1. Go through the range A:74-109 and give me each residue that's within 16 Å of DNA strand C (Cβ to nearest atom) and in contact with a Lys or Arg (Cβ under 6 Å, 6 or more places away or on another chain).
2. Does A:A263 fit the bill of being within 22 Å of A:A184 (Cα to Cα) and open to solvent by less than 60 Å² (accessible area, probe 1.4 Å)?
3. When you check B:N68 against the structure, is it away from DNA strand D (no atom under 16 Å from the Cβ), open to solvent by 20 Å² or more (accessible area, probe 1.4 Å) and either at the interface with chain A (Cβ under 8 Å from one of its Cβ atoms) or within 23 Å of A:G101 (Cβ to Cβ) (or both), yes or no?
4. How many residues does the range A:108-158 contain that are facing another protein chain (nearest Cβ under 7 Å) and either in a loop (DSSP other than H, G, I, E, B) or among the hydroxyl-bearing types (S, T, Y) (or both)?
5. Could you tell me which numbered condition A:F173 fails, if it satisfies all but one of (1) free of Cβ contacts under 8 Å to residues at least 40 places away in the same chain; (2) crowded, with 21+ Cβ neighbours inside 10 Å?
6. Within the range A:72-83, how many residues are outside any helix (DSSP H, G or I) and either in contact (Cβ under 8 Å) with a residue 60 or more places away in the chain or surrounded by fewer than 24 Cβ atoms within 10 Å (Cβ to Cβ) (or both)?
7. Taking the range B:18-33, which residues are away from every other protein chain (no Cβ under 14 Å), in a helix (DSSP H, G or I) and among the β-branched types (V, I, T)?
8. Look at A:D57 and say whether it is free of Cβ contacts under 8 Å to residues at least 12 places away in the same chain and either part of a loop (DSSP other than H, G, I, E, B) or under 39 Å from the mean Cα position of the chain (by Cα) (or both).
Protein chains: 2
Amino acid sequence: MIKKQAASTHDVRSPRNDGAAARMSDVARVARVSLMTVSRVLREPDKVLDVTRERVDAAIRQTGYVHNALAGGLRSQGRTKVVAAVVPSVRNSLFAGTLQGLADALRADGLRLALGDSDYSKAEETALIRAFLSLRPSGLVVHDAIRSTALRSVLARAAIPVVEVGDLSRRPFDLAVSYSNRLAAATMTRHLLERGYRRIGFVSLSPRLTRRALERLTGFETALREAGLEPDPELIAEAQPGFAEGGRTLVELVARRARPADAVFFAGDVHGIGAILEARRQGWDVPGKVAIAAFDDVEIAPEITPALTCLRIPRYEIGFEAGRRIIARLHGDPDESTRAVDLGFRLIVRAST
Amino acid sequence: MIKKQAASTHDVRSPRNDGAAARMSDVARVARVSLMTVSRVLREPDKVLDVTRERVDAAIRQTGYVHNALAGGLRSQGRTKVVAAVVPSVRNSLFAGTLQGLADALRADGLRLALGDSDYSKAEETALIRAFLSLRPSGLVVHDAIRSTALRSVLARAAIPVVEVGDLSRRPFDLAVSYSNRLAAATMTRHLLERGYRRIGFVSLSPRLTRRALERLTGFETALREAGLEPDPELIAEAQPGFAEGGRTLVELVARRARPADAVFFAGDVHGIGAILEARRQGWDVPGKVAIAAFDDVEIAPEITPALTCLRIPRYEIGFEAGRRIIARLHGDPDESTRAVDLGFRLIVRAST
DNA sequence: CTCGTCGATGTTAACGTTACCAGACAACAG
DNA sequence: CTGTTGTCTGGTAACGTTAACATCGACGAG
């Protein structure tokens, strides 16, 4: 009597697909196991016998198999193990610290970061977020606040953790990990007032370009009014990105005004550094003739002469905490009560004020 | 006689899925068309009648539908409209120019950039590339050369355009758009030799950290030997990333050597800037006591005093051309003959040499 | 008046993976 | 020797989209 051999799927049924990228069934055939066993080796290796797992691992190496997150994500929750992040500009190294923290936090949970650059355009930001959402990421981090209602409703349906990291002034859409631009700017302004400066200039990127510039301006004006001073429109200027613009606006506020500034607070980009360099070119004493303060503690700020007074934003920590919150949410951990986390800032007083 | 109404799929068959993210079938139901028509509106709108398209567009807005690239990519070529890029560090603004160019070029073709950061780790780079490949991108841009054989075979099977942008010294794995680190370093070294410097120091990141450092060192040594000089190991130093390290190594090569350097070529990171700042702190005349040259034309290089002599790498153009090549390849355009494109560099001579 | 063509829309069957359940078999208690 | 439990592995049906083909009128040539 001939015993009929039980036919199982992993016998010969799946056609060899030479040349093309290996699929899970190719690995299964080589390892002489079923598809499901390969799938398990990749996702829950503990549930597979050691010898089997080794055979499968060898087959994976042999075939050069790369997991297909499209198929996998489609079938399971509909999510991929990617967190998307959108920043206004990757050229600006300030955002880089946050991204580093974020990537580090996510790595611990096997999540990867996919980064996009909106180039300070709201339309591009929306398009980018939609493009990323189409990849069904596990989470989203945005540097700007979510404002458009279209975006809000799309994100609400996506049902993924969304973290805003650029400012803390509004009620967050979902989660926020950040600092208060308004409070930080007010703190620096008070510092300048305490030092005795009264004609304080303010330079930032255009408030039309980014909401943060407006928040900082508001903080600046509030602090002045607290001290009984009325902000002088003559001493408020906008600058384009880049070192050189810091120098240009410094000269404008100090040398081209009937009543010149005795201090200038550079609230955006790397303008503070450019201003220090320009002051030296002009032969101006800093802070004797004019004090200079900046918003961000860029790497070169303590190295330059005179060293630059500035605010230190815990950028790395913001990114890291954002990542932690996303992971916690994905694991279904009870919400850590607060949806908005304020990581604060520090005033670093150096020689320039 | 009651005429039986023809039953079509878009009647009532698909269950309403309230709350959950909208699917294409939800849009189809709302717009009273079939699934395929919705799909066509999204991908080839010309093939759909205007009135129909408008109905579908309205339904898309109403439902808040977001395309599912997982399902779409899975069914079609198995690709998503994303190009993945992997750089050693997003903190380093030098890579940012290339990424900007890349993103700009890709945008023209409806492609998005997804960026990852390997943190200068080969293992992490490989893991990151695998993770991105699992999302089935349309192309891949890597800053470092593809070296490991495991990665090479995986990428070969992926059958997507791969562009290396960090160096041009090796035969590219697939495509390369870059410049020659060796030639650039040699050019700067010859410039210093022409100026009459003979004890030229060389500072870079560890050649173990990145292949590019080794290429630059080789170019430096080659140029010296051409001029009949033997490189002095006493004048070759490694530095960690960061401004401060530039200052430290400058002091080391100038003040801690029996026969001090009369010029130092900083081949990595922002060390050149740090060195200029340190020289001023020390009260050293630049270039009188020691000349300082740097590899990269960072934004601040012309602003500082003395302005820094350096090499200008066309970073934006490299990114843009890399994007163009990827798009051309995806469209099946005949290979523009050359697989390796050399976009060169320029020597910018300023006051520091 | 018929037939072929063309443009707009619809139907069906995949794409490669994983959730869910079922089967096989070993170990062990009674 | 039987029944029960537990561990490992396998079969099958989705997930939401699109390629390929099918259908259905309208329209013009012959």
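1. Selection gives A:G78, A:R79, A:T80, A:V82.
2. Working: within 22 Å of A:A184 (Cα to Cα): yes; open to solvent by less than 60 Å² (accessible area, probe 1.4 Å): yes.
Judged against the criteria, A:A263 is a match.
3. Values: away from DNA strand D (no atom under 16 Å from the Cβ): no; open to solvent by 20 Å² or more (accessible area, probe 1.4 Å): yes; either at the interface with chain A (Cβ under 8 Å from one of its Cβ atoms) or within 23 Å of A:G101 (Cβ to Cβ) (or both): yes.
Judged against the criteria, B:N68 is not a match.
4. In the first step, residues of the range A:108-158 are kept if they are facing another protein chain (nearest Cβ under 7 Å); the result is A:112-117, A:128, A:130-131, A:133-136, A:153-154, A:157-158.
After this cut, where a residue has to be either in a loop (DSSP other than H, G, I, E, B) or among the hydroxyl-bearing types (S, T, Y) (or both) as well, the list is A:134-136, A:153.
Number of matching residues: 4.
5. (2)
6. To start, the set of residues in the range A:72-83 that are outside any helix (DSSP H, G or I) comprises A:76-83.
Those still in the list that are either in contact (Cβ under 8 Å) with a residue 60 or more places away in the chain or surrounded by fewer than 24 Cβ atoms within 10 Å (Cβ to Cβ) (or both) too: A:76-79, A:81, A:83.
Result for the range A:72-83: 6.
7. Our first condition is that a residue be away from every other protein chain (no Cβ under 14 Å); within the range B:18-33, this holds for B:25, B:28-33.
If we keep only those that are in a helix (DSSP H, G or I) too, we end up with B:25, B:28-31.
Passing the criteria: only B:V30.
8. Values: free of Cβ contacts under 8 Å to residues at least 12 places away in the same chain: no; either part of a loop (DSSP other than H, G, I, E, B) or under 39 Å from the mean Cα position of the chain (by Cα) (or both): yes.
It is false that A:D57 is free of Cβ contacts under 8 Å to residues at least 12 places away in the same chain and either part of a loop (DSSP other than H, G, I, E, B) or under 39 Å from the mean Cα position of the chain (by Cα) (or both).
The values are calculated or read from the model by the stated rules, or taken from the named source; none is laboratory data. Bear in mind the structure is a predicted one, so any value in this text is a computation, not a measurement. Glycine gets a Cβ as well: all are built from the backbone with ideal geometry, and neighbour counts include every protein chain shown. Accessible surface areas use protein heavy atoms only, side chains included; no ligands, DNA or RNA. Shrake-Rupley method; radii C 1.70, N 1.55, O 1.52, S 1.80 Å.
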